[in-house]
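Colleague: The structure's right below; bear with me while I get my questions together.
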Amino acid sequence: MKLRNTAITRANSACLPMGDRVGVKYNSINEAEEHKGGHGIPKVSMIPLIFLIFYEVSGGPFGIEDSVKAAGPLLAILGFLLFALIWSVPEALITAEMGTMFPENGGYVVWVSSALGPFWGFQQGWAKWLSGVIDNALYPVLFLDYVKSSVPALGGGLPRTLAVLILTVALTYMNYRGLTIVGWVAVFLGVFSLLPFFVMGLIAIPQIEPSRWLEMDLGSVDWGLYLNTLFWNLNYWDSISTLAGEVENPKRTLPRALSYALVLVVGGYLYPLITCTAAVPIVREHWSDGYFSDIARILGGIWLHSWIQAAAALSNMGNFLTEMSSDSYQLLGMAERGMLPDFFAKRSHYGTPLIGILFSAFGVILLSWMSFQEIIAAENYLYCFGMILEFIAFIKLRVYHPNASRPYKIPLGTIGAILMIIPPGLLIIVVMALASYKVMVVSILAMVFGFVLQPCLVYVEKKRWLRFSISADLPDLPDVQEIAEDDAVPLVV
């Protein structure tokens with residue numbers, strides 16, 4: 001990989017005309033090499049990309065049962081519809097616009113850096129990486145929770161700890177072998193995970209009683225569990241942006257893949273919710289994680305129950321693989337932008353970010369002691385912090401640079417774009433306000449650590465204790481101080 005000294009590059013960037021610094025061009029790495037990257041590794045095509053997004057966001061309807069437990073069938077169904085509209089659609093649209101504007105590894109880190117500068121870009125990367133690693137710590141545990149019914153020894157103690165380690169190492173090795181492998185494994189796992197729910201829905205149709213959909217008791221709604229369940233199952237659309245440099249022709253492929261994945265994710269939630277809540281009597285206390293497999297036994301028998309159990313276990317593997325890919329390529333992208341030491345930018349002979357994969361795997365093992373609810377609440381809090389920075393960057397670039405190159409642009413003007421992010425912005429405030437005191441304190445301390453870490457890395461670079469470089473294949477990003485001066489509107493008397 002060709003590298004440039006970070007100090008020289010930043011100085012050159014500040015001397016460029018405004019239009020040249022914002023209207024960045026990626027022809028050399030994304031248009032001339034459509035099928036293979038600069039390292040000779042095949043790029044990710046449309047179908048694997050759809051399922052990579054599917055697993056970044058969802059992985060199937062496993063875990064959505066808590067929405068019925070928290071609020072009943074009507075609010076659960078309406079919740080997934082409304083949250084998809086006010087959260088998933090805006091986030092996917094912003095990802096499509098910004099991801100094609102900056103089609104490189106690092107994704108949202110680059111968006112925020114281009115609008116707010118490297119300090120806030122680093123904070124975005126730190127919060128999102130930590131959120132992703134916390135999220136990934138959940139999947140080996142969930143996998144074992146499904147398997148322990150057949151192998152009771154995995155329910156706790158040393159056997160469970162060893163199983164978590166072995167599973168993490170095995171899935172980490174698969175990431176090491178290449179993103180194209182991960183993509184096609186995600187396709188197989190996605191089809192295998194969704195198919196039993198399609199079959200169960202068909203079996204459920206003759207037993208549907210529509211009156212069950214209307215059951216609701218506002219006085220007994222657990223709003224914290226309800227909102228966290230919806231939010232956790234419908235976010236992370238922007239995670240795919242950290243892999244944009246590995247995608248075949250991302251300016252065309254990324255927006256289409258996001259739209260197809262949106263239909264797949266939301267449909268994959270609503271179909272089993274609508275069919276199953278009306279096919280069996282509603283006992284809200286029963287609707288906890290894994291209850292769909294119990295419904296499968298009631299409606300179809302032990303064969304369907306076993307199929308959904310197997311699908312749930314394998315789906316967690318798909319979630320782990322794609323989340324680790326996103327996290328590790330984010331670190332690679334940050335290193336290629338000079339935000340992390342050079343060794344994070346080194347690739348294996350499979351083209352994968354070896355150091356990023358190892359760091360992400362270590363984080364997963366370190367955090368695997370956390371409980372399910374603590375994991376969800378902590379990752380949601382950190383994720384919200386990152387989304388605030390994304391929204392600010394999106395609006396700032398729209399306001400100050402409306403004519404910058406955008407291969408895909410949301411068909412809304414500046415006012416429409418601002419109005420679009422108001423509902424998800426309010427949702428972020430609600431989710432953060434509902435966090436427990438423990439989660440809030442731990443998350444804020446984690447963000448404060450990021451505030452300290454970035455200046456420390458700048459100092460390390462200044463002392464030349466570690467090498468930091470910017471990839472010569474990437475265009476320069478604008479200098480934020482220069483932008484502020486160029487964008488200032490003189491007072492005309």
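Colleague: Cβ contacts < 8 Å: first residue farther than 14 Å from P341 by Cβ, restricted to segment 451-477; second residue among the small types (G, A, S) and open to solvent by 60 Å² or more (accessible area, probe 1.4 Å), any location; separation 6+ or different chain. Result?
Modeller: Between residues of segment 451-477 that are farther than 14 Å from P341 by Cβ and residues that are among the small types (G, A, S) and open to solvent by 60 Å² or more (accessible area, probe 1.4 Å), the close pairs are D473/S28; D473/G38.
Colleague: For segment 259-303, which residues satisfy the criterion of being of a type in the set (D, E, K, R), in contact with a Gly (Cβ under 8 Å, 6 or more places away or on another chain) and in a helix (DSSP H, G or I)?
Modeller: R284
Colleague: Same structure again: Can you find, within segment 299-326, the residue that is farthest from A127 (Cα to Cα) among those that are β-branched (V, I, T) and either in contact (Cβ under 8 Å) with a residue 24 or more places away in the chain or open to solvent by less than 10 Å² (accessible area, probe 1.4 Å) (or both)?
Modeller: Ranking the qualifying residues of segment 299-326, first place goes to I308.
Colleague: A further question follows. State which residue pairs qualify: first residue of a type in the set (D, E) and inside segment 266-289, second residue open to solvent by 10 Å² or more (accessible area, probe 1.4 Å) and not in a helix (DSSP H, G or I) in any location, beta carbons under 9 Å apart, and separation of 6 or more residues or different chains.
Modeller: Note: pairs meeting the criteria are D289/F62.
Colleague: Would you say K396 is open to solvent by 60 Å² or more (accessible area, probe 1.4 Å), closer than 24 Å to F102 by Cβ and among the basic types (K, R)?
Modeller: no
Colleague: Cβ-Cβ below 7 Å, separation at least six or inter-chain, first residue in segment 134-147 and closer than 18 Å to F292 by Cα and touching a residue at least 24 places away in the same chain (Cβ under 8 Å), second surrounded by 23 or more Cβ atoms within 10 Å (Cβ to Cβ) and of a type in the set (G, A, S): which pairs?
Modeller: Y146/A312
Colleague: Just give me the residues in segment 248-276 being modelled with pLDDT of 95 or more, open to solvent by less than 20 Å² (accessible area, probe 1.4 Å) and either under 19 Å from N235 (Cβ atoms) or in contact with a Pro (Cβ under 8 Å, 6 or more places away or on another chain) (or both), in sequence order.
Modeller: Scanning segment 248-276 gives L254, A257, L258, A261, V265, G268, Y269, P272, L273.
Colleague: Inside segment 107-207, counting only helices (runs of 4 or more DSSP H) that do not spill past its ends, which hold 2 or more residues that are at pLDDT below 95 and β-branched (V, I, T)?
Modeller: Numbers: elements: 108-116, 118-136, 138-147, 157-176, 179-204.
Those helices (runs of 4 or more DSSP H) span 118-136, 138-147, 157-176, 179-204.
Colleague: Mind listing just one residue for me: the one in segment 406-447 that is part of a loop (DSSP other than H, G, I, E, B) and at pLDDT below 90 and, of those, most open to solvent (accessible area, probe 1.4 Å)?
Modeller: L434
The values are calculated or read from the model by the stated rules, or taken from the named source; none is laboratory data. Here the structure is a predicted model, which is why all the values come from computation and not from measurement. Every residue, glycine among them, receives a Cβ derived from its backbone with ideal geometry; neighbour counts consider all protein chains shown. Just so you know, the surface numbers come from the protein's heavy atoms only, side chains and all, with ligands and any DNA or RNA stripped out. Shrake-Rupley method; radii C 1.70, N 1.55, O 1.52, S 1.80 Å.
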